[in-house]
Every structure is written in structure tokens, then in C-alpha cells.
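Asker: Below is one structure. I have some questions about it.
The values are calculated or read from the model by the stated rules, or taken from the named source; none is laboratory data. Predicted, not measured: the structure shown is a model, and the values here were computed from it. Reconstructed Cβ throughout: ideal geometry from the backbone, glycine too, with neighbour counts over all protein chains shown. We work out accessible area using only protein heavy atoms, side chains counted, and drop any ligands, DNA or RNA first. Shrake-Rupley method; radii C 1.70, N 1.55, O 1.52, S 1.80 Å.
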2 protein chains.
Amino acid sequence: MKRTRYKEIETLLKVKIQHGVLKVGDYLPSENELCTNFSITRTTVRKALDNLLKEGYIEKQHGKGSLVKERRHSLGLLNVKGFSEAVGMIVNTIFLQEPAKREWSTTTSFRPSENELKANNLHFERLRCVGDDPVMLENNWFADLELKNFIGQEFVEGSFFKTLSQRYLIEITGSEQELRAEYADERTAGYLKIEPGAPILHISVKFHTNKSNLNIYSELYCNTMKYPIGNSYHL
Amino acid sequence: MKRTRYKEIETLLKVKIQHGVLKVGDYLPSENELCTNFSITRTTVRKALDNLLKEGYIEKQHGKGSLVKERRHSLGLLNVKGFSEAVGMIVNTIFLQEPAKREWSTTTSFRPSENELKANNLHFERLRCVGDDPVMLENNWFADLELKNFIGQEFVEGSFFKTLSQRYLIEITGSEQELRAEYADERTAGYLKIEPGAPILHISVKFHTNKSNLNIYSELYCNTMKYPIGNSYHL
DNA sequence: AAAAATAACTTGTACGTACAAGTGGATGTT
DNA sequence: AACATCCACTTGTACGTACAAGTTATTTTT
């Protein structure tokens, strides 16, 4: 991934927030202070802050400053971030199917392109739990393009997206989603420990990446009884 | 609402896209062309394009240009925009309860602040249909602060948010959402024309506005069988 | 004919400047 | 004591410039 000045400051501040150096309610240094501290211009500082705003880390107040925001504790609706970043609780992950070459699923909401269908396909399935409670059944498909040694390797910090970013320089640039409330089928209900026929939230996602050939297709089945899916948006 | 140069161009381009003057796949004029056409700097043009990108109207290609994007036809998940803007189909709206002063609901996921609870509360309930199909039952609550003559007036173009913007200069600045799959209760099922107990998507939203006292609390119940809820996100 | 360099476009990053506008405390006036 | 003004801070908008970097067609070289 290309390194830029604004990304540097963005991640630097993000890490400080994540590690509690900057606590909820704290004001960040003013834009001018950040300018002098890091020897950059306000344009660049503001670009970094804009991104933090977009991701819900901070809140801006005209005339006052930028302060660290409370991020919601419910499972964040995965706009770009992965599951593990979005949750403020201990997440356990169980692989039901390890990454391997498999056929493209015929049941995804978003249809892969011709090129993707021609290529080999990688797939894996995981069960995500909060503590001991299974809350989400996750299936991922994507075309096998230049991802050397993907199969068999451990994920970086257990995160698929961190693995893509750090090992293959692949970044998520956007997503499309479709949400449905459905009856749980038997298999899904079994893994999520609910009765078959109970309502579950079905999320279909197509993630776009900086490699224009590569998209990631995810089908998520969530038990929202205990842990509703949440997200937030800021101008 | 304060008028700014970038907002001018943003809405101008948005209208052209919405009215089909700029079609899906068309390239917008280059940033430099927009600069000269509207006598503004590239900084301002880029700010406008950034907003269009964020709202999913366009897609940017480094070295090539910005082109109009296909917006998904499913009901857009209302991040900031209202229902009627987000749907590419004919939407009919039936008021089940006209706007009036009513008690705060006790069942909202997001709890109003003390100040809001002390104030009078306005409420209305609508049934949103695509053609003849009812797809969403919508309840809205908000504190009655300085909203003169809200009751009894027609909405601007049938849109609650447009009414807030144009008549009261109130703009949505962000939102928090919680999503749940639930069993439909009898009343909801009746209006949505589904069997009681069928799975429905329950969306709780707290909209933030530029008036710090004013938030809008919405509870949406969606029949996602025919029309899944969709949204998209772009970096 | 194929490959490499070039030129002319595009968007992306970053610099610097100026003033508008919101906030809150200090200061002065009534 | 209450109110108005001012000042020093903050973020918001908009100007202008420069160069990096991706894309594409043309030209030159091999």
C-alpha cells in the first residue's frame, strides 16, 4: 500500500484512540497543533481527520475542536472494516471450512464477473462467536489471482482483511450490501444454536478492492437476538 | 442551510445524474473542466466530487476520470438520505398516524436525552409501499423544538427530510443504526400483508442533526422478501 | 512488426495563504 | 450585577500552486 502523509497521521491517531491514550470525550490536539507537531499543512491534517470522522472515531465541533467519540458496542456493520476491529468484545472464531479451492457458490446475491468465474475460486467458512455465543456464520468467496501461499497460512491477527492488506497489499475500497430477514435453515440454526425457522439477518456483501479484478463475496447469517448489528455514519 | 460553492456543484451534478442527463457509465467532465466551467478551484471541485463518491453516485478512476455509477435498485439503507430519494421505483406512502403530539415511545432502541424527554414530542407513522406492495412500516419521534406549524402542513415533495431542510433549515449530520431480524407481530404483519411470525428486518435509527438538541428516532419494520434493503460504501 | 519512449491527458497528494464563522473567556461599560 | 464588546482560539470554506502517478494514444526506436 502506498504510504501517504495523511494516512500516517490517521493511523497514528487511530492507534492512540484504540489503545486508550486518547479517551472518549478527550479533545484531540487542534488542527494547527497537529500541523506543527508533524510538520505538515492543515490540508493534510484535515484529510486525516476527515477519514477518522468517516469511520466514526471522532466528532468535530465547529469553533471548539475534535473529540474522541464513543463507538457503539454492538457488532459494527462491516462497511469496510473487518469483524474483529468492529467489536468491543472478545471474539472467538472457529473455522468450519479451512481456505481451499472450491466451486463458486450459486447462492450469492452478487454475481461474480465472467473473469472471476473462469478463475479458480477460494472459499472458507467461519463461525464467529462473542465469548461462547455463536453470533455469525460467515462464508467468503474470491477469485484466486496472484495470492501466493494463501492456503495453509495463518491469518494476520486472525483477520482476513489484515492478511490481505499486509501480505498482499490488497485494500478494501468499497462495498455493496443487501440485507434480508429470513428463516434460519437447519444447518445455520444448528451452528448458531437457535431453533430452525427462527428469524436471522442475512447480509450479502460484495467488497471491492484496489485490484480491479478482485472482489470478495461474503454471505453472513447473524443471530441478532443478543447482539444486534449496528453501524454509524457521520458527515 | 448555509450555501457553499462545493454544495452548489454537488447538487447540480446530482440533479443531472438523477434526471438522466448524465447516464450510468458516462464520464463526468474532468476536474479541470469543472474548474473552468464554474470558475472555481480544483480543491472545491474535489470536495464536491468526494461527497458524490461518498453517496455512491460516482466512481473515481485514477488517471482516467469519474463516471456515473449504477445505484442499486433495492431500497437504499438510509444512512443519511430519506426513503424516497433512495429508491428507484414509485413509492406510495400512507399515513397511519398523522403528525401530532404524542408520548415518547418506550420501545425505541436509542434512548432520548433528558432534555428531549422533558420537551413535547411529535410523532407520525407511515406505511411505505413500492407500487401496491407494502414494504416498510415507519415510526418517527422527535422533540418539538421551535418547529412552528409542523402539524397540519404537507411535507415538501412527500419527504420528511426535505421538509426539515427546506422549511426549518435542519440538516441530517449523521446516524446510528441497529439492525435485528425479528418475528413480525400481528399489527405489523397485518400492514405489511405477511403472516404473523414471519421474519422481518427491524431497523432502529437515531438521526443526528445540525441542531444539537434535535435528534430523530425512527423504528422501521421491513418486509425484505421482495425488496431487500441495500446500501453501498465507497472510499 | 514489436517494443520503448514520449506527450498529453487524467486523478492523487501536498504545499501555502486568506478569510469566514463558531466558541468562550476576558474586559469594559452601563 | 448584568450586559455588551472584544480578543484569542477553534474549525469551515476557498483560493492558488506544484508535482506525483495512472492512462492512453502517438511517436520513435529497435
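Asker: If we keep just the residues of the stretch B:1-35 that are among the acidic types (Asp, Glu) and part of a helix (DSSP H, G or I), which is farthest from the chain's Cα centre (by Cα)? I'd like the intermediate steps shown before the answer.
Answerer: So the first thing to find is which residues in the stretch B:1-35 are among the acidic types (Asp, Glu), and the list is B:8, B:10, B:26, B:31, B:33.
Okay, now just the ones that are also part of a helix (DSSP H, G or I), so B:8, B:10, B:31, B:33.
Numbers: B:8: 20, B:10: 17, B:31: 28, B:33: 31 Å.
Looking at residues that are among the acidic types (Asp, Glu) and part of a helix (DSSP H, G or I), I get B:33.
Quick grid of which residues meet (1) under 21 Å from residue A:43 (Cα atoms); (2) open to solvent by 90 Å² or more (accessible area, probe 1.4 Å); (3) basic (Lys, Arg):
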| position | (1), (2), (3) |
| --- | --- |
| B:6 | yes, no, no |
| B:10 | yes, no, no |
| B:18 | no, yes, no |
| B:23 | no, yes, yes |
| B:26 | no, no, no |
| B:42 | yes, yes, yes |
| B:48 | yes, no, no |
| B:57 | no, no, no |
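Asker: Under the condition of being among the basic types (Lys, Arg) and closer than 20 Å to residue A:166 by Cα, which residue from the stretch A:1-22 is nearest to DNA strand D (Cβ to nearest atom)? Working first, answer last.
Answerer: First, pick out the residues of the stretch A:1-22 that are among the basic types (Lys, Arg): A:2-3, A:5, A:7, A:14, A:16.
Going one step further and asking which of them are closer than 20 Å to residue A:166 by Cα, we end up with A:2-3, A:5, A:7, A:14.
Details: A:2: 7, A:3: 10, A:5: 12, A:7: 14, A:14: 17 Å.
Filtering first and then ranking leaves A:2.
Asker: Oh, and also: Taking residue B:147 and the conditions (1) more than 14 Å from chain A (Cβ to nearest Cβ); (2) open to solvent by 50 Å² or more (accessible area, probe 1.4 Å), which numbered condition does it fall short on, given that it satisfies the others?
Answerer: The one condition residue B:147 does not meet is (2).
Asker: Could we say that residue A:195 is open to solvent by 50 Å² or more (accessible area, probe 1.4 Å) and either away from chain B (no Cβ under 11 Å) or of a type in the set (Gly, Ala, Ser) (or both) here?
Answerer: yes
Asker: Can you pull out the residues in the stretch B:96-109 that are surrounded by fewer than 18 Cβ atoms within 10 Å (Cβ to Cβ) and under 30 Å from residue B:56 (Cα atoms)?
Answerer: Of everything in the stretch B:96-109, just one residue is surrounded by fewer than 18 Cβ atoms within 10 Å (Cβ to Cβ) and under 30 Å from residue B:56 (Cα atoms), namely B:108.
Asker: A further question on this structure: Given the residues A:143, A:181, which is the only one that is among the small types (Gly, Ala, Ser) and under 30 Å from residue B:200 (Cβ atoms)?
Answerer: Only one candidate qualifies: A:181.
Asker: Something else now. Somewhere in the stretch A:120-133, is a residue acidic (Asp, Glu) and part of a strand (DSSP E or B)? Let's see the steps before the verdict.
Answerer: Quick first cut of the stretch A:120-133, residues acidic (Asp, Glu) only: A:125, A:132-133.
Next, only the ones that are part of a strand (DSSP E or B) stay: A:125, A:133.
Yes; the residues of the stretch A:120-133 include at least one that is acidic (Asp, Glu) and part of a strand (DSSP E or B).
Asker: Determine the pairs where a residue that is facing another protein chain (nearest Cβ under 7 Å), located within the stretch B:213-235, has a partner that is hydroxyl-bearing (Ser, Thr, Tyr) with Cβ atoms under 7 Å apart, the partner being 6 or more residues away or on another chain.
Answerer: B:228/B:74; B:229/B:74; B:230/B:74; B:232/A:175; B:233/A:175; B:235/A:173
Asker: Can you tell me which residue is nearest to the other protein chains (Cβ to nearest Cβ) among those in the stretch B:198-212 that are modelled with pLDDT under 85 and part of a strand (DSSP E or B)?
Answerer: Top of the filtered list is B:208.
Asker: Which is in a strand (DSSP E or B) and within 22 Å of the chain's Cα centre (by Cα), of A:145, A:179, A:164? Reasoning before the result, please.
Answerer: Values: A:145 fails: in a strand (DSSP E or B); A:164 fails: in a strand (DSSP E or B).
On inspection, the qualifying residue turns out to be A:179.
Asker: Cβ contacts < 6 Å: first residue in contact (Cβ under 8 Å) with a residue 24 or more places away in the chain and assigned to a helix (DSSP H, G or I), restricted to the stretch A:42-65; second residue among the aromatic types (Phe, Trp, Tyr) and near DNA strand C (Cβ under 9 Å from one of its atoms), any location; separation 6+ or different chain. Result?
Answerer: Qualifying pairs under 6 Å: A:44/A:6; A:47/A:6; A:48/A:6.
Asker: Taking the conditions exactly as written (assigned by TED's automatic domain parsing to the domain that holds residue B:117 and open to solvent by 30 Å² or more (accessible area, probe 1.4 Å)), does residue B:186 satisfy them or not?
Answerer: Yes, satisfied.
Asker: Look through B:25, B:63 and report the one residue that is more than 8 Å from DNA strand D (Cβ to nearest atom), out of contact with any Asp or Glu (no Cβ under 6 Å at 6 or more places or on another chain) and at pLDDT 90 or above. Walk me through it before giving the result.
Answerer: On the way: B:63 fails: more than 8 Å from DNA strand D (Cβ to nearest atom).
Testing whether each residue is more than 8 Å from DNA strand D (Cβ to nearest atom), out of contact with any Asp or Glu (no Cβ under 6 Å at 6 or more places or on another chain) and at pLDDT 90 or above leaves just B:25.
Asker: When you check residue A:218 against the structure, is it open to solvent by less than 10 Å² (accessible area, probe 1.4 Å), part of a strand (DSSP E or B) and of a type in the set (Ser, Thr, Tyr), yes or no?
Answerer: Yes, satisfied.
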